[in-house]
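Below is one structure, written out as structure tokens; comments come after it.
The values are calculated or read from the model by the stated rules, or taken from the named source; none is laboratory data. Predicted model, so just to flag it, every value in this text is computed and none were measured. Neighbour counts run over all protein chains shown; Cβ positions are idealised from the backbone, glycine included. Accessible surface areas use protein heavy atoms only, side chains included; no ligands, DNA or RNA. Shrake-Rupley method; radii C 1.70, N 1.55, O 1.52, S 1.80 Å.
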There are 2 protein chains.
Amino acid sequence: MKLGAIEAGGTKFVLAVGNDQGELLEKEVIPTDPPEVTMPKVIAFFEGKGIERLGVGSFGPIDINKESATYGSLQKTPKTDWVDYPLGKELQDKLGVPVVLDTDVNVAAMSEAKWGNASDVDSCLYITVGTGIGAGAYMGGQTLKGLSHPEMGHILVRRHEKDDYEGGCPYHGDCLEGMAAGPHIEKRWGKAASELQELEEVWEIEAYYLAQALVNYIYIVSPERIVMGGGVMKQKQLFPLIRKKVLELLNGYVSSPSLTEETIDDYIVPPGLTDEAGVKGALYLAM
Amino acid sequence: MKLGAIEAGGTKFVLAVGNDQGELLEKEVIPTDPPEVTMPKVIAFFEGKGIERLGVGSFGPIDINKESATYGSLQKTPKTDWVDYPLGKELQDKLGVPVVLDTDVNVAAMSEAKWGNASDVDSCLYITVGTGIGAGAYMGGQTLKGLSHPEMGHILVRRHEKDDYEGGCPYHGDCLEGMAAGPHIEKRWGKAASELQELEEVWEIEAYYLAQALVNYIYIVSPERIVMGGGVMKQKQLFPLIRKKVLELLNGYVSSPSLTEETIDDYIVPPGLTDEAGVKGALYLAM
């Protein structure tokens, strides 16, 4: 059986045809332009390929509540051309196949749990730290969602005592994303992250915010692994700083063999899948 | 089919026999003394009643990972007589029936979702604010757990600007539980909560901490309803203060018809079940 998969990202769409064994057979990458430019290319890619279902991992916010009248519609995303765009309905109408949607980060969490760096455990939280901060979780055989999809990037964090950056989230000022997403590192220090590698304080402050987030995720959802991806996490010096701070903040409270100095390197890890995580997860949604 | 149910709480054990329709047929309440006093009474209650399975909602921390060698054992609980006590194994050995365990708060969340104030939606987060603070969630047809059970009471919160209480959590000082559990209201103000009802500042500060927790729970697990129980929540003036603060902190970021000034009273609610929530949830575990 042939299945379609889309990773709908903020900068690019990855389109693929795969089979019900989870294998990718054909792939194409197109830029994320306004819908009237991007969507005809998406439809053209899938037309005539005989797919029977389509899975989509999308940027958000997006309505992923199957019982909602606006299921599959983008919401008030900063990508203004896409606000309220009925992505799911449009794909279903044009391609005539059932469409299943989830968020890009939920799909990445599922993908890491199936084929990536969490394939040896049953649950996984995936956080991306880049232009924004988002996270998704795969727990008990399903992605985490309810009222809406999680927006884990916007949790409240405590300010680092040496940090006087005001915070840049348009909704919350100094929430996690407003303090720790890539653009805010750059605004705080006046330089791109890549030029700040040698400045210890930059990464100490960044690790403090990300460690607070991870600690709250551990207390609230208790994932068996945390995978950290996104542009900012390419600064590999962050991993040991974050791991150390997470253990300090937990202070031995959670009894688990995964949360010790000896084992934390295998608990907080980089992604195992790179370019294909999103689209493989989307394929899995269709399966 | 007859099933057994236990709500194992920090002050009392509720024991019940029910059927596979979720009806309670017989119930008994005994105090939580050390295991050598309490457990023989538990065994005696169930013996000869022909139960085929037993569900237990227990205080914690407790190992609820079915693949662990210590599944069903209490961990480092402040109730020192029970530390490392193999509750699940003991019940299984003595009664000769399969035992399924979960935390008291996970069971309460499930119970509220099945029969209580969240029975009209598919997911529910239950938080109890009393001697300690704990929360559980029921999402996608199962309770939330992974590495261990959640410990949502210990998340990091921001200090209220008028609050100089140092915080009383032995592990984390000024985490949520250390700032907002009942004993810390009393320590901060030097009087029992029941004598502080008229003092607005007490409840404003309390609501600030609890609202931060709810906002983080909403961002991280996105439950369709939040049920707030426990001794401190008997101070009904807290509900409107918490609801207002939650909306302020979210600042319109999560698009949901449940999170508006008009609808928030139906989103953050008191429990629908009172005394039987725990034991009915435990019965459901056995079903």
>> Compute the helix-to-body angle for A:200-221: its Cα long axis versus the longest principal axis of chain A, expressed 0 to 90° and rounded to tens.
In response: 60 degrees
>> Please compute the Kirkwood hydrodynamic radius of the stretch A:119-270 from all pairs of different C-alpha atoms, in Å with one decimal.
In response: 15.7 Å
>> For a test of understanding, tell me how many lysine pairs in the stretch B:119-270 have Cα atoms under 21 Å apart, given they are 8 or more places apart or on different chains.
In response: 12
>> For a test of the definition: using alpha carbon positions, the gyration tensor, and the 1.5 limit on a/c, classify the stretch A:75-144 as rounded, prolate or oblate.
In response: oblate
> Rg/Rh for the stretch B:191-287: what does it come to with C-alpha atoms and Rh from Kirkwood?
Replying inline: 1.02
> For chain A, what is the convex hull (Cα atoms) projected area averaged across all directions, in square nanometres?
Replying inline: 14.9 nm²
>> Can you compute the FRET efficiency between A:MET1 and A:ILE30 using 1/(1 + (r/R0)^6), with r the Cβ-Cβ distance and R0 = 30 Å? Round to the nearest 0.05.
In response: 0.75
>> If you split all Cα-Cα distances of the protein assembly as shown into 10 Å bins from zero, what percentages do you get per bin, shortest first?
In response: 3, 17, 27, 26, 17, 7, 2, 0
>> Distances in nm, one decimal, shortest first, from B:LYS191 to the same residue in every other copy, taking the label point 7 angstrom along Cα→Cβ.
In response: 5.7
>> Using a label point 7 Å beyond Cα on the Cα-Cβ vector, give me the inter-copy distances for A:VAL83 in nanometres, one decimal, shortest first.
In response: 5.7
> Where Lys and Arg each count +1 and Asp and Glu each count -1, what net charge lies around A:ILE155 among other residues with Cβ under 12 Å from its Cβ?
Replying inline: -1
> Chain pair B, A: how much accessible area is buried, both chains summed, with a 1.4 Å probe, in Å² to 100?
Replying inline: 4200 Å²
> So how tilted is helix A:35-46 from the main axis of chain A? Cα-based, degrees 0 to 90, rounded to 10.
Replying inline: 60 degrees
> With charges set only on the Cβ (+1 for Lys and Arg, -1 for Asp and Glu), what does the dipole of the stretch A:25-176 come to about its Cα centre, in debye to the nearest 20?
Replying inline: 220 debye
>> Within 10 Å of each Cβ in A:138-146, how many Cβ atoms from other chains are there, averaged over the peptide?
In response: 6
> How much net charge surrounds A:TYR284 when only the other residues with a Cβ under 14 Å from the Cβ of A:TYR284 are counted, with Lys and Arg +1 and Asp and Glu -1?
Replying inline: -4
> Rolling a 1.4 angstrom probe over the protein heavy atoms, how many square angstrom per residue are accessible across the stretch B:119-270?
Replying inline: 38 Å²
> For the protein assembly as shown, with only Lys/Arg (+1) and Asp/Glu (-1) charged at the beta-carbon, what is the dipole magnitude about the Cα centre, in debye rounded to 20?
Replying inline: 520 debye
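Given +1 on the Cβ of Lys and Arg, -1 on the Cβ of Asp and Glu, and no further charges, what dipole in debye does the stretch A:119-270 carry about its Cα centre, rounded to the nearest 20? Don't skip to the end; give the middle numbers.
Numbers: 13 positive and 22 negative charges, 65 e Å.
Approximately 320 debye in magnitude.
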> Taking the label point 7 Å from Cα in the Cβ direction, how far apart in nm is B:ASP275 from each other copy of itself, listed shortest first?
Replying inline: 6.6
>> Of the candidates B:ILE30, B:ILE64, B:ILE226, which one comes out as most mobile in a Gaussian network treatment of chain B with C-alpha springs shorter than 10 Å?
In response: B:ILE30
> So how far apart, in nm, are the two label points at A:THR274 and A:LYS244 if each is 7 Å from Cα heading toward Cβ?
Replying inline: 2.8 nm
> Which residues make up the longest stretch of chain A that has no GluC sites (Glu not before Pro) in a DSSP loop with at most 12 other Cβ atoms within 10 Å?
Replying inline: A:68-160
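In a shell of Cβ-Cβ distance under 12 Å around A:GLY136, excluding A:GLY136 itself, what net charge do Lys and Arg (+1) and Asp and Glu (-1) give? Don't jump to the answer; show the numbers that get you there.
Numbers: positive: A:LYS145; negative: A:ASP102, A:ASP104, A:GLU112, A:GLU151.
Charge balance in the 12 Å sphere: -3.
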>> If I take every Cα pair under 8 Å that is 6 or more residues apart in chain A, average their sequence separation and divide by the length, what percent do I get for the relative contact order?
In response: 21 percent
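Using a probe of 1.4 angstrom, how much of the accessible area of chain B is carbon and sulfur, in percent?
Carbon plus sulfur share of accessible area: 47 percent.
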> Roughly how many Å is it from the Cα centre of the stretch A:72-125 to that of the stretch A:228-287, as a whole number?
Replying inline: 21 Å
>> Given the options A:ALA5, A:ALA108, A:VAL42, identify the residue whose Cα lies farthest towards the positive end of the charge dipole of the stretch A:1-135 (+1 on Cβ of Lys, Arg; -1 on Cβ of Asp, Glu).
In response: A:VAL42
